[in-house]
Structures are given as structure tokens and as C-alpha cells.
Amino acid sequence: MRPKITVALAGNPNSGKTTIFNNLTGTRQHVGNYPGVTVERKEGRCRHAGVDIHLVDLPGTYSLTAYSAEEVVARNFIIDEKPDVVVDIIDASNLERNLYLAVQLMELGVPLVLVFNMSDQARARGYQFDLDKLSRFFGARIVETVGHKGHGMQQLLEAVVATAREQDCAEAQPKSGGNLACRASIRGPQASDGRIDYGPDIEAELEKLTDLLRQSGFSGPKYNPRWLALKLLENDKEIRSQIKSPRLLERVDQSRERIEKRTGENPESVIAGRRYGFISGACQQAVRSTIEIRHTISDRIDAVMTNRVLGLPVFLAMMYLVFYLTFTIGDPPMDWIEEFFGWLGSSVDTLWPADSVLKSLVTDGIIGGVGGVVIFLPNILLLFLAIAILEDTGYMARAAFIMDRLMHKIGLHGKSFIPMLIGFGCSVPAIMATRTLENRRDRLVTMLVVPLMSCGARLPIYALIIPAFFPKAWHAPMLWIIYMIGILLAIASAKLLRSTILRGESVPFVMELPPYRLPTVRSVLLHMWERGWLYLRKAGTVILGISIVLWAMTNFPGLSPKQQAEFEKQRQMVENSFRSEPQKAAALLEEIDNRRAEAALESSIAGRIGRLMEPLLRPMGFDWKIGTALIGAFAAKEVFVAQMGIVYAVGEADEESESLRSKLQNNYSPLVGFCIMLFCLVSAPCMATIAITRRESNSWKWALFQLGGLTALAYVLTACVYLGGRLLGLGI
Amino acid sequence: MTTAETLTASLEDYLEAIFHIIAEKRAARPKDIARRLKVSNPSVTGALRLLAKKKLVNYAPYDLVTLTGKGEEAARDVIRRHEVLRDFFVKVLAVEQDVADKAACKMEHSIPGVILERFIQFAEFVEVCPRGGSKWIAGFGYHCDYDSAMENCEKCIAQALEEVKKKKRQGGKKKMPVTKLKDIPPGGKCKVNRVAAGKASSRIIEMGVVPGALIEVEKIAPLGDPIDIKVKGYHLSLRKEEADGIDVTPLNAR
């Protein structure tokens, strides 16, 4: 027996697979990605009976066709990496559908262990299993477990090690009947040979194709020819693409046609029907149902949750709770973090002896940058706490069920609703929340349009501008208009993306509504921790990098020595001449400092870019000052307000600053004010959003597309509004 | 159908009844069977013993009755014969529904397979052939009742010709009317006949909606689109456009 074996955990979604994986590995796990796809790869280890077990948690799938990226990943892992044992976690209270995957694993001919999880619930529902009989049907050991209580884990590990031993024994004597001989010695002569009788029509075609595949030498050690033939009859795209011979494919098509003619159904349907036939045959012989429950507790909960009348209000209330938890409860910790980093910056500032570039880099660039990363953590942790609870209880599927009609209209899936909603709070957690979407196209579209949901950081901009330019009666409607523009643009862009570059059939809404379950504290916290860590590790570094670049852009090259000297001279003069009036002196000094900051920003890289861009900004009614502030706003949208404060030399300004408002009123028309809001709403999302999009889409291409696309859209739209407004004489 | 051929008419009735009861309740009790077939409890026990001996049902005294794989096949065969006959009586011979049902009940046990297939083909032919069609059947009903159908012949043929031309222009072929899953109201039950090939079909099939599977429509989403169905003991949601590709036979508790 080898001292180290690899074990893959397969199973349907909602079968309790993750709980068992966590039980077995504890914290000794590692989360990564499968190369090239955004499917998560979880690995961990544990020890049993002197054997090191390397566990790989495959994505949860219902089947092993090439239907989704998850299924392809799971299947390819089993075929390519040849785990020593595959463990299929089965929800024993929903046996028939869960066994469908087991049948496919059995057909792959892998050493299999079946885990009847949630066996307590199955028993409560009155099922009695004849495990010996079932184990003979599937040619695999069967272990009963209760995942959330941790029952049956030792038995599971024992079965895994025993199955691996058997496999070794089979490999040691390949000529004397190999695998089967070994299995038979352990489990008696009736062990299944992993074949399902597909009936005369299909079997005839299978035989023909199997022979053909053997002759063309395609099968090899990687694939078993019967399995390959079966997949081809099922029209499996992934396998088809591997067959290069057009003649062979033609033969496959002919076979499929013959089956269709003879049975009157498409071959996939016949094959799946036979598999289910095998399962129900096995269940009829080995499963007894002693009591009959017409409506489970879960059904009764659903009678309220997805009720035709109550469903929508309940859903809205739930969404309010999620929003409240994420943003209202998340607010105080965010303030603490902000205060802490502010304190840290200022204490370093006072302790550091002399002004220098390095000091500015540390206090403004690095401390500010790290603060900008950590500030999102409360939101992310709380949001994922909420999402983990929604997912683990089973409500998430209901939320999608309720919202699908609406989302389907714009070409998306019901599950896109939650990320879009979270987008009103902050795009960063919202984009992370798109993980619940299984289809990559849906996920990308949602990610790309989420920034159009006006996030909380844009509110200070509106709060500064609306009172500056519009009469009081217009305040609320104006804000509403801005939010509505965002929503409408999101809908339009989603539709546009769905019909152009991310075109494709909309994903069918064939989704399980799993029974309601009580989530375990452990799994919810683990999930939350994973997401938070992933954010810090992957997106955090990018955000930190960009914020240092932005710091450099707004600080370099700084004032020339001549300008420096000029401001120093002014200070000296004020200090000397107002010695007797300290208050007046302070006010004058502050004004000088403000002007100095303005001059510094103007001569910085950002300021120069702003100036350079001015001709480009003209059609939107913007000058270089707004341009410079917009560059700063890339760090975080609300920075726009502070930057406007600096360029207008009013010092540290916030959205309540009356002096800044009056400067704006004097310099711009209400039309320009509206254009600023519009541009800030639509244009380049903040760098944290770009970083998280890069992370979640796994490509810079999409992140840059989001950046460029939204900015271009903002530019065109704002220019149209400005020029149109001028033409019509509105708000000049 | 070697097993079915050796069964007596009454045993076939038992199989059919057990199948329907299982469709409704997942498992059958002897007293349900007795009630449904209007027979005494001892005769049910006797029949169940016989069926168990032929390995068509799983039966032990005081236990629930389930069908074996073989038993289910035999039961489906009986039911199919029943349905074909009933449909033929109603659709082609214009007989009333319950009269047709009763007659089918009696005839289903003795009709040979070849003749049964011909019944199906003929019914289809009548549906599709421009000289047949529903109007023709209606005319036949009129003929049965009033015995004077020859007077409108020319008009009728002219009409038929007109329709052929129209159909040709539209380029469509008249299809047999079928019930779709989306037409089943919440609370209704049905049996899957066919899942049309489409983008979602393979996923739908894998999730257990295979021909022959029993489905209970649970509810419709608040906004009216996805529907929630119960299949193989669990809940599955589907959009109506996906449910449109699933042909079913409504099952009403008789």
C-alpha cells in the first residue's frame, strides 16, 4: 500500500459535500483555481491508518456531461489526474436524483465509494436502505454519514483506504482478472461490472461505435471505448471535439439518427431514461419507504416564502436585511478602520522628523493605500456572512426563483439580482457576489454592469453638487433621476452585451430548489473567512499598487524650488506682520497653504494630464480642474470632492462645504453640475472595482474592457447631454 | 411482452391499478387497491401473491406494495394499450369519454400488438390527412346520429381542398394536439411523454425529467414565470419556455 493517496470528492450541489470536506480536513485546506477557468479548486489533507490522504473537493455537479464548466472540470480531473478513489457524496433523502451521478461515475470505471449523507433525514422520512444490495448494484462500498454532526467520518475514511487497497491489489495482478477478481474476493461474486444495459437499440449502436473506436486506435489507456461511444451517442461536445476524424463523426451522427428513428426520442433522452431505470430498479429492490409524508417542513416553509402574494414582500424584506447587515452594521467598523488609519498616518506624520518624499509615500501612499484596501473588509465579510446564510439555508435558490422573470427580460439569470442590489452599496462586494452565478457569460455581464448601480461612494459627489446648483424642491427628484439613469443604463448595457460580445443562449433556469436546512455556524464562518482572505490576498495587492501610483501622480513632480521659496516667503511675511493678531495670521496662513496645495496639484502629473485633456473634456463642459479631480477620483469616487476642494484652494473640503459650493456656483452652470454627476455615475469605476473585476473574471482583458467601456459610454453620454442642453438652453 | 401475455385480464387490472396508485402516493396499500377496483380485501391479497410470484410486485403481508422493474414495464404496457384504445374511440369513433374508457378497460387485455399499432397509425393518419381531420370525424358523428351526411359532399371537398392550399402556403404540417408541462395548473400531476430536443433538454433530462417520470406542478413564481415542480421526490424550477418543450399526459385521480 502506498503511503499517500489522492481522493476526489464528487457530489451534487446541496448534498453536504463541503461540510464533509471540512470535517475531514479541518483547516488544512487550500483554495485555488483550475487553470484557465474560474472554477474553484479546494484541496486538503488528512491521515487515516497510516495513509496520507490528499483530498480534492470537485465542484458540485448533477452529472458528468459537458454541460457546464464545473462538470467538465470534475470529469477531466477524474480522467486526467486519475484519483485513487472517488467519493460520491449523496443526499440520502433525495436518493434517485443523487444516484444519477453515481451511475456515471460507475460507468467511468473509477474506484468508487458512495456516501449516503444526511442519513438521519432520510430515516426521518421513512427510508430504509439495504446497503449490501445497493453496494452490489453500484460495485462500491457505501457509508452512511450525518455530515453536520460529523457522524460516520471514520467509517468513510476506512472505506476509502480499503478501496484504495483493493485497487492496488488489482494492479498487482493485472492478468488474473485484474480488478474484478479483487473486488469479487472482497464483496462476493455478484459485484457489478459497472455496465448498464441500454436496451437493444442503443446497445447495437454502442457495439458498432466501440469497435470503430478500437479500430481507429482512439481509445487508448485514457478512455474506455464503451464510455467514449456512449458519450458520443449523447452528443457530448467536449468528447466530439477530441475526435478529429470526420468519418467517425459521420458514423456517430448516423447512429444517433438510427436511434432516434427507432425509439422516437433523441438518444440523450433514451440513455438518461435507461440510467434512471437502472436507479429505480435498484431502489425498488433495496430501498423501502415505510411512511408517507406528503408535505415536509420545507414545503410548509415554502408555502410562505414563495407564495404568490407573500413571496415578493418576503423577498424584499430579506434583501433589506442583507443590505442592512452589509452596509448599516458594516458602517461603524468601517469608521473605526478609517479612524485608525487616519490616526496612524498623522502619528507617523508627527513622529517623522522632516518633510520628505519618503514620508509622504509612507503616510499618504502606503498607509492610505492599505487603509483603502482594508476599509472594504467589514462590508465583504458581512455580505458573505449574509450570502453564506442565504445559500446554506436554501433561500438563495428561492430568491432566484422569484426574481428570474425580471432578470430574464434583460437576458440574465434570477441569481444576478443580488449582486445588482449589493451594487447600490458598493461594487466591490457586489462583484464578489457574482460567484453564485454558474454561467460564465451571465457572470461577466453582471460584473460589467454592476458599477452602473450608483454606489454609496458616489453619494458625497451628489450631496456636494445637487444643493450647489439646484433649488431645494429639486434635490430629491434630482437624486432619484441619477439613480434611475444608472439602473436604466445597467439594463440597456446588459441587454447590449448579451446580444453582442457576450451573445449566447440564455442559460436555462433548470435549478434545484433544495429543502430548507439549518446552516452550521462553522461552515458559514469558514465561507466568510475564505472570501475575506481571498479579497485581501488577490484584490488587495492590486488596489495597493494602484493607490501608490495615484499617490505619485498627484504628488510628483511637486512644486519647483522657486515656487516653494515664493510660498515660504509669503508665509514669513504673514508671520512677521501679524504677530499681534494670531487669529488673522492663522487664517491667512491657511489660505496660503491652500493655494500652495492647489499649485502643487496643478503642477503634478495628474494636474498636467488634466490640462492636457482639457480640449477632450470641453465637449462635456469640464475644465482641467474637474479633469484633475476625476483622475484622483479613480482611487475612490468620494475623493472627487476632496480633490475639488484642493483645486479650488478651499482646503480640506467635504460634501457639506459651503465655500466649495459657492466656488462651484461661480464657475459652472447647473448643466455642468449635472454633467459632473452623470459622468461620475457612469465613468470608470474606482480602482478597487477594476481590481476585483480582474480577480473575479480572471483576466485583465475584462477589467480593462469595463474601465474603457464605461468611460467611453460616460463620455459620449455626458457630451450629448452637455451639447444638447446648451442647444436647448437648459440650465446654462 | 412475454410477461404481459401470460397475465390474465384481472391481473392486468391489478397492475394498472397499482401503477396509478403509486403515481399518486408513491406506494400502494392493499386496501387502496381494493377500493379502486371495487373488490374484497382477500381477493387483493390473492392477486398480489400471484403477482409477487411472477416477480411483478414487491409484496409482503402488511407492507406497502411497489412494482418491480418488470412489473412497471408490464403495467405501462397495459396502460398504453388502454390509452391508445380510449383515444381511438374518442378521437376517431367520436364516442363519449367515459363510454370509451369502459370499453377500453375491457378490450385492453386481449388486443394484439400489431392491431394496436395500426390503431395508432390510423388515428394519426386521420389527424393529418386533409381528407380526414377533425371535421371529417365531426361529419362521421353527424352521420351516426342523423344518417344523412351525403348532401354537403361537394362543399366539404371544396373546403378540404381550400385548407390543403392554405396549409401549403403556410408551409406547416398539422400537428397532433399535445399537452405541455406549462399547461398543467399548480397542484396538477402528469406523466412525461417526451422532452423535445432543445438547449436545456439534456439538463432537464439529467435532473430526472425522463419520459415516464411523474411530475407534480407545485406552484408558479410570484411574478408568473418560473414554475416549481416536484419530480423524483425533490423540487425543481423551470422557466415556462423550458416547460414548453416537455410533452405530458395529465394524470387526474380517477
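The numbers here are math on the coordinates, done by the rules we state, and not lab data. Not measured: the values here are computed from a predicted model. Backbone-built Cβ (ideal geometry, glycine too); neighbour counts: all protein chains shown.
DSSP loop GluC sites (Glu not before Pro) in region A:459-538 with at most 11 other Cβ atoms within 10 Å of their Cβ, which ones?
Those that pass, being in a loop and sparsely packed, are A:Glu505.
Can you spot the lysines whose alpha carbon is less than 26 Å from A:Lys149's alpha carbon? Ignore those fewer than 8 places along the same chain.
Candidates past the 8-residue exclusion: A:Lys17, A:Lys42.
Under the 0.36 nm per residue contour assumption, what length would be gained going from the current alpha-carbon distance of A:Glu260 and A:Glu203 to full extension?
Result for the pair: 19.2 nm of gain on full extension.
So if each residue of separation counts as 0.36 nm, and I subtract the Cα-Cα distance between A:Ile501 and A:Val370, what length gain in nm does that give?
Length difference between fully extended and current span is 43.6 nm.
Could you order the peptides B:196-204, A:321-329, A:109-117, A:247-255 from most to least packed, using the average number of other C-beta atoms within 10 Å per residue?
Taking the mean over residues of other Cβ atoms within 10 Å, the ranking is A:109-117, B:196-204, A:321-329, A:247-255.
Taking a cut-off of 16 Å between Cα atoms, list the aspartates and glutamates near A:Lys244, but don't count ones fewer than 8 places away on the same chain.
The qualifying aspartates and glutamates are A:Asp236, A:Asp253.
For the residue pair B:Gln97 and A:Lys244, what label-to-label distance in nm results when each label sits 7 Å from Cα along the Cα-to-beta-carbon direction?
6.2 nm
For each of B:His235, A:His30, count neighbouring Cβ atoms within 10 Å of the residue's Cβ, then give the residues from fewest to most.
Listed from fewest to most nearby Cβ atoms, that is A:His30, B:His235.
Once you charge only the Cβ atoms, +1 for Lys and Arg and -1 for Asp and Glu, what is the size of the charge dipole of chain A about its Cα centre, to the nearest 20 debye?
Charge dipole of chain A: 1300 debye, to the nearest 20.
Under the rule a/c < 1.5 gives rounded, and otherwise a/b versus b/c splits prolate from oblate, where does the protein assembly as shown land using the Cα gyration tensor?
Prolate, because a/c is 1.5 or more and a/b exceeds b/c.
With charges set only on the Cβ (+1 for Lys and Arg, -1 for Asp and Glu), what does the dipole of region A:245-386 come to about its Cα centre, in debye to the nearest 20?
1440 debye
How many Cβ atoms of partner chains, on average, are near each residue of A:492-504 if near means within 10 Å of its Cβ?
What the average comes to for A:492-504 is 0.
Give the calculated FRET efficiency between A:Gln154 and A:Thr296 to the nearest 0.05, with a Förster radius of 25 Å applied to their Cβ-Cβ distance.
Here the calculated transfer efficiency is 0.25.
Ranked highest first by average number of other Cβ atoms within 10 Å, how do A:706-717, A:450-461, A:567-578 line up?
A:450-461, A:706-717, A:567-578
Can you give the charge dipole size of region A:4-187 about its Cα centre, rounded to the nearest 20 debye, using +1 on the beta carbon of Lys and Arg and -1 on the beta carbon of Asp and Glu?
My answer is approximately 300 debye.
How far is it, in nm, from the label point at A:Ala124 to the one at A:Val309 when both lie 7 Å from their Cα along the line to the Cβ?
In this crude spin-label approximation the distance works out to 3.0 nm.
Within 10 Å, count the other beta carbons around each residue, average over each peptide in A:347-358, A:368-379, and list them highest first.
A:368-379, A:347-358
Report the GluC sites (Glu not before Pro) located in region B:2-107 that are in a DSSP loop and have at most 16 other Cβ atoms inside 10 Å of their Cβ, or state none.
B:Glu96
Starting from the Cα-Cα distance between A:Met573 and A:Arg537, subtract it from 0.36 nm times their residue separation and give me the gain in nm to one decimal.
Between A:Met573 and A:Arg537, full extension yields an extra 7.9 nm.
Toward the positive end of the charge dipole of the protein assembly as shown, about the Cα centre and with charges on Cβ (Lys, Arg +1; Asp, Glu -1), which of A:Pro200, A:Pro615, A:Ala600 goes farthest?
Comparing the listed Cα positions along the dipole, A:Pro200 ranks first.
Determine the sum of side-chain charges near A:Glu257: Lys and Arg each +1, Asp and Glu each -1, restricted to other residues whose C-beta is under 11 angstrom from that of A:Glu257.
For residues surrounding A:Glu257, the net value is +1.
Run the helix sum for chain A: -39,500 (n - 2.57) per DSSP H stretch of 4+ residues, divided by residue count, reported at 222 nm to the nearest 500 deg cm²/dmol.
After summing the helix terms and dividing by the residues of chain A, the value is -20000 deg cm²/dmol.
On a straight-distance basis, which lysines could pair with B:Lys25 in a cross-link, Cα separation under 17 angstrom, same-chain partners fewer than 8 positions away excluded?
B:Lys189, B:Lys191, B:Lys230, B:Lys232
Work out the charge dipole of chain A with +1 on the Cβ of Lys and Arg and -1 on the Cβ of Asp and Glu about the Cα centre, then indicate which of A:Trp474, A:Met106, A:Val314 is farthest towards its positive end.
A:Met106
Among A:Leu536, A:Gly558, A:Pro582, whose Cα lies farthest out toward the positive end of the dipole of region A:516-586, if unit charges sit on the beta carbon of Lys, Arg (+1) and Asp, Glu (-1)?
A:Leu536
Which GluC sites (Glu not before Pro) from region A:626-722 combine a DSSP loop assignment with at most 14 other Cβ atoms within 10 Å?
Of the GluC sites (Glu not before Pro), the ones in loops of region A:626-722 whose Cβ has at most 14 other Cβ atoms within 10 Å are A:Glu652, A:Glu656.
Given points 7 Å out from each Cα along the Cα-Cβ axis, report the A:Arg618 to A:Arg195 separation in nanometres with one decimal.
8.2 nm
Just counting partner chain Cβ atoms within 10 Å, what average do the residues of peptide B:237-248 show around their Cβ?
Averaged over the peptide's residues, the number is 3.
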